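Take a look at the structure set out below.
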Amino acid sequence: MRRILILLSSTLLLATIACQRTILGSWHQVNGKDTISFYSDGSYAASMAWGPKGTTEQLSGTYFILGRTVNMQSNLSPSDSMQCAFSFDGSEMTLTYLSGGMVKVDGTSARFKRD
C-alpha cells in the first residue's frame, strides 16, 4: 500500500511539473491584446484588457498549477486573482477563465500563442 501511495504521489508530482513546464514562457492573445508570461520561479506578469472599453490592466503575482488549472494570485488585489483551465492545441494554449476576478468574465476563453 505504501509503495502505491509513493508511486501515485510521484506520478502526480511529475505530471504537475510537466504541465508547469508547458505553460512557461511568454504568450500573446491570438485575436486580442492580452499578454501573459509564466516564469519558472512561480511568478507571472500579464497585461489584460477588460470591460466594455478594453481598458488594459497590468497584473503580476504568483501562480500554481493543480492538474490542468492554473491559479494566479495577484500582488495588487485579491479581487484580481484568477483561476483558469488551460489546454493545448498544437502551438496554441487556450485559457478558460473559471474565476476571472475583476478582469475577465467567468466561462469565457482566449487563445494564446507563444512569443
Are any of the residues in the stretch 12-35 modelled with pLDDT under 95, assigned to a loop (DSSP other than H, G, I, E, B), in contact with a Lys or Arg (Cβ under 9 Å, 6 or more places away or on another chain) and exposed (fewer than 13 other Cβ atoms within 10 Å of the Cβ)?
yes
Which count do you get for residues in the stretch 61-110 that are assigned to a strand (DSSP E or B), touching a residue at least 40 places away in the same chain (Cβ under 8 Å), of a type outside the set (A, V, I, L, M) and exposed (fewer than 15 other Cβ atoms within 10 Å of the Cβ)?
2
Spot the failing condition for residue 76; the list is (1) touching a strand residue (DSSP E or B) at 6+ places or on another chain (Cβ under 6 Å); (2) on the phi < 0 side of the Ramachandran plot, and only one is missed.
(1)
Among the residues in the stretch 43-52, are any at pLDDT 90 or above and farther than 19 Å from residue 113 by Cβ?
yes
Tally the residues that are in a strand (DSSP E or B) and either without any contact (Cβ under 8 Å) to a residue 12 or more places away in the chain or more than 18 Å from residue 110 (Cβ to Cβ) (or both), restricting the search to the stretch 47-60.
2
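The values are calculated or read from the model by the stated rules, or taken from the named source; none is laboratory data. Because the structure is predicted, anything quoted here is derived from the model rather than measured. Ideal geometry is used to build each Cβ from the backbone, glycine not excepted, and the neighbour counts take in all protein chains shown.
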